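These notes are about the structure you will find just below.
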Amino acid sequence: MDMSVTEQLVISNHGNASARYKWQIPPSMAFVPEPQYDEVAAGSSKSVQVTFRPTGQRSEEETLVLQIEDGNSESVKCQGIVNEAKCSFIEKMLDFGNIPVGLKAKDQTLHIKN
């Protein structure tokens, strides 16, 4: 099951020259921007998709750094919240009854409420 979430981030260039950029990505790679490098024309904008892929069952926080060629770097603080997964069984008992010796498998339906 894929637990990733993707959000869109818009990068705008209000200058009078094209701007090339590259993302500096932390080693954990919980937050991954795509494209990782690109160029934004003068006076225009481009979209970047930032995908959060949890590395465990805890919330995560990272800062992605946007390195702009011949310009100032910008930081984007990312926070991913992972809720505790829970499930409960509708039936509280699972009864297979008598199973003869030598029978390899027996199927029974179990309903799970999430």
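Bear in mind these aren't lab numbers, they're just calculated from the coordinates by the rules spelled out. All values derive from a computational prediction rather than experimental measurement. With ideal geometry, Cβ positions are generated from the backbone for all residues, glycine too; neighbour counts draw on all protein chains shown.
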Checklist entry - Taking the simple approach of a point 7 Å from Cα along Cα-to-Cβ for both Val5 and Val101, what is their distance in nm? => result 5.5
Checklist entry - ³J(HN,Hα) across segment 23-33 via Karplus (A = 6.51, B = -1.76, C = 1.60, θ = phi - 60°), whole Hz, x for Gly/Pro? => result 8, 9, 9, x, x, 5, 6, 6, 10, 10, x
Next on the checklist: For a quick check: with amide H placed at 1.01 Å from N, whose amide H comes under 5 Å from Gly15's, ignoring anything fewer than 5 positions away on the same chain?
Outcome noted: Gly43
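On full extension of the chain, what length is gained from Gln24 through Val82, given 0.36 nm per residue of separation minus the C-alpha to C-alpha distance?
Gain on extension, Gln24 to Val82, equals 18.5 nm.
Just need the relative contact order of the chain here, percent rounded to a whole number, with Cα pairs under 8 Å and 6+ apart.
On the way: 191 pairs, mean separation 26.8, N = 114.
Taking the mean separation of contacting Cα pairs over the length of the chain, I get 23 percent.
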Checklist outcome for this item: In order over segment 72-82: 3J(HN,Hα) from phi, Karplus 6.51/-1.76/1.60, θ = phi - 60°, whole Hz, x for each Gly or Pro, gives 7, 7, 10, 10, 10, 7, 10, 10, x, 10, 10
Next on the checklist: 7 Å from Cα along Cα→Cβ at both Gln49 and Ser73: what's the point-to-point distance in nm?
Outcome noted: 2.7
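Can you give me the Kirkwood hydrodynamic radius for the chain, using every pair of distinct Cα atoms, in Å to one decimal?
Working: mean 1/r = 0.0549 Å⁻¹.
Mean inverse Cα-Cα distance, inverted, gives 18.2 Å.
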